[in-house]
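Chemist: Following this message is one structure expressed as structure tokens.
The values are calculated or read from the model by the stated rules, or taken from the named source; none is laboratory data. This structure is a prediction, so every number in the text was calculated from the model and none was measured. Quick reminder, even Gly has a Cβ in these numbers, built from the backbone with ideal geometry, and neighbours come from all protein chains shown.
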Amino acid sequence: MRIIALPAFRNREINPYNSLLYKNLIALGVRVEEFSVWKLVQERYDIWHIHWPELVLNTPSYLAASLRAKVFLSLIEIARKRGIKIVWTVHNLRSHEGFHPELEERFWERFLGMVDGHISLTSTGQEELFRTYPQLRRVPGFVIPHGHYRDVYLNNISREQARALLGLPMDSKVILFIGQIRRYKNLPSLIRAFNSLPEKDVRLIIAGKPVDRELTNQLFKLTKNNSRIMFHSRFIPSEEIQVYLNSADLVALPYSEILNSGAALLALSFDRPVLAPARGSMVELRDSVGKEWVMLYKGELTGNILHNALDWAILEKRPAKAPLDRFGWDNIARETLKAYKKVLERG
């Protein structure tokens, strides 16, 4: 079986999800290649596996977004005429920024009409997919979980070493947000909730690169007068991930919208408890790993919720390791291969 994937390996430094999936598929005898236009139109493939198609719309320029969408959809038409099946992994149901609503609506209408199979990362995600795009009920669909990141990143320093590297007091209570910073991740609400905490021994770390200058400026304004907040506004290299996660008592994900979250699985891969909204896949994740590992809240994040979550993170008795066997990449690769075969059997 021969797969062309967008992306396959080129995003491994930003998000190793794809490279881990395809590395394990290759181990099963599947041939996987990185997408290029030349390969798509010149070589033979069984499946084009697409992730994050909405990224073609992720530019403020209507002209650029329209052109990119047109080219992308035309390539899918060419691929299908050449007998290549289109499989979409549903990371998101729409673009987060929503720059061009009317263009996006037309884009999804055409794209969904050309999908031969779709993969959701949770049952909840698949239910939301069908509510949003009911036409996909007629297309083969599969639920295959997002894998964990255990053994992907270095994890060989202690809590004390991590805190020393960040200049944190050893006896402080540390709340962490880590990952790419985008508007839907709702960090102003986390900062406001943290600012209402009276304890002097609590620290908040926000580590990641914002996607736009306006958001960067807003976060700097919100954090500049509070010495208890560290805002590291930059891409965090893979070798530094362990420094931030091993320093933390709690990982807070204050997202205003969430379908899936690799950040939650990253935190659990470092055996860090997670606070997240009761939205999207988070209820399913909590039920899978246990209430001692994931705390959920409804509505807006408040100081009281954050205070209680921090106490829970520190005082709750839990095993040394989060139970992530269900999220092993070898199992995920086998399930993905089964999905590919079912799509191809359909003809």
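Chemist: Give the residue, chosen from LEU197, LEU222, that is in contact with a Gly (Cβ under 6 Å, 6 or more places away or on another chain), farther than 19 Å from LYS321 by Cβ and surrounded by fewer than 21 Cβ atoms within 10 Å (Cβ to Cβ). First the steps, then the outcome.
Modeler: Details: LEU222 fails: in contact with a Gly (Cβ under 6 Å, 6 or more places away or on another chain).
Residue meeting the stated conditions: LEU197.
Chemist: Turning to a different aspect of this structure: Does TRP48 meet the test of being over 25 Å from SER261 (Cβ atoms), part of a helix (DSSP H, G or I), assigned by TED's automatic domain parsing to the domain that holds ARG334 and not aliphatic (A, V, I, L, M)? It would help to see each step written out before you state the result.
Modeler: On the way: over 25 Å from SER261 (Cβ atoms): yes; part of a helix (DSSP H, G or I): no; assigned by TED's automatic domain parsing to the domain that holds ARG334: yes; not aliphatic (A, V, I, L, M): yes.
So TRP48 does not fit the description; no.
Chemist: Within the stretch 12-45, which residues are β-branched (Val, Ile, Thr) and in a helix (DSSP H, G or I)?
Modeler: ILE26, VAL37, VAL41
Chemist: Now, a different point. Contact list please: Cβ distance under 7 Å, first residue in the stretch 1-15 and more than 16 Å from ILE78 (Cα to Cα) and free of Cβ contacts under 8 Å to residues at least 12 places away in the same chain, second residue in a loop (DSSP other than H, G, I, E, B) and of a type in the set (S, T, N, Q), pairs at least six apart or on different chains.
Modeler: none
Chemist: Any residue in the stretch 138-161 that is out of contact with any helix residue (DSSP H, G or I) (no Cβ under 9 Å at 6 or more places or on another chain) and within 22 Å of ARG346 (Cβ to Cβ)?
Modeler: Yes, the stretch 138-161 contains at least one residue that is out of contact with any helix residue (DSSP H, G or I) (no Cβ under 9 Å at 6 or more places or on another chain) and within 22 Å of ARG346 (Cβ to Cβ).
Chemist: Turning to a different aspect of this structure: For THR216, only one of the following conditions fails: (1) at pLDDT below 95; (2) buried (at least 20 other Cβ atoms within 10 Å of the Cβ); (3) outside any loop (DSSP other than H, G, I, E, B); (4) of a type in the set (S, T, N, Q). What is its number?
Modeler: Single failed check for THR216: (2).
Chemist: May I pose another question? Using beta carbons and a limit of 6 Å, which pairs, at least six apart or on different chains, have the first residue in the stretch 299-319 and charged (D, E, K, R) and the second one surrounded by 14 or more Cβ atoms within 10 Å (Cβ to Cβ)?
Modeler: Pairs found: GLU316/GLU292; ARG318/GLU292.
Chemist: Further question on the same structure: On the given criteria, is GLY83 in a loop (DSSP other than H, G, I, E, B), modelled with pLDDT of 95 or more and either in contact with a Ser or Thr (Cβ under 9 Å, 6 or more places away or on another chain) or loosely packed, with under 14 Cβ neighbours inside 10 Å (or both)? Outline the logic, then answer.
Modeler: Working: in a loop (DSSP other than H, G, I, E, B): yes; modelled with pLDDT of 95 or more: yes; either in contact with a Ser or Thr (Cβ under 9 Å, 6 or more places away or on another chain) or loosely packed, with under 14 Cβ neighbours inside 10 Å (or both): yes.
In short, yes.
Chemist: Can you tell which of GLU77, GLU128, GLU105, GLU109 is part of a helix (DSSP H, G or I), over 26 Å from TYR184 (Cα atoms), out of contact with any strand residue (DSSP E or B) (no Cβ under 7 Å at 6 or more places or on another chain) and not aliphatic (A, V, I, L, M)? Can you show your working first?
Modeler: Values: GLU128 fails: over 26 Å from TYR184 (Cα atoms); GLU105 fails: over 26 Å from TYR184 (Cα atoms); GLU109 fails: over 26 Å from TYR184 (Cα atoms).
Being part of a helix (DSSP H, G or I), over 26 Å from TYR184 (Cα atoms), out of contact with any strand residue (DSSP E or B) (no Cβ under 7 Å at 6 or more places or on another chain) and not aliphatic (A, V, I, L, M) holds for just one of GLU77, GLU128, GLU105, GLU109, which is GLU77.
Chemist: If the requirement is being touching a residue at least 24 places away in the same chain (Cβ under 8 Å), of a type outside the set (A, V, I, L, M) and under 20 Å from LEU197 (Cβ atoms), which of these qualifies: PRO254, PRO323?
Modeler: Details: PRO323 fails: under 20 Å from LEU197 (Cβ atoms).
That would be PRO254, the only listed residue that is touching a residue at least 24 places away in the same chain (Cβ under 8 Å), of a type outside the set (A, V, I, L, M) and under 20 Å from LEU197 (Cβ atoms).
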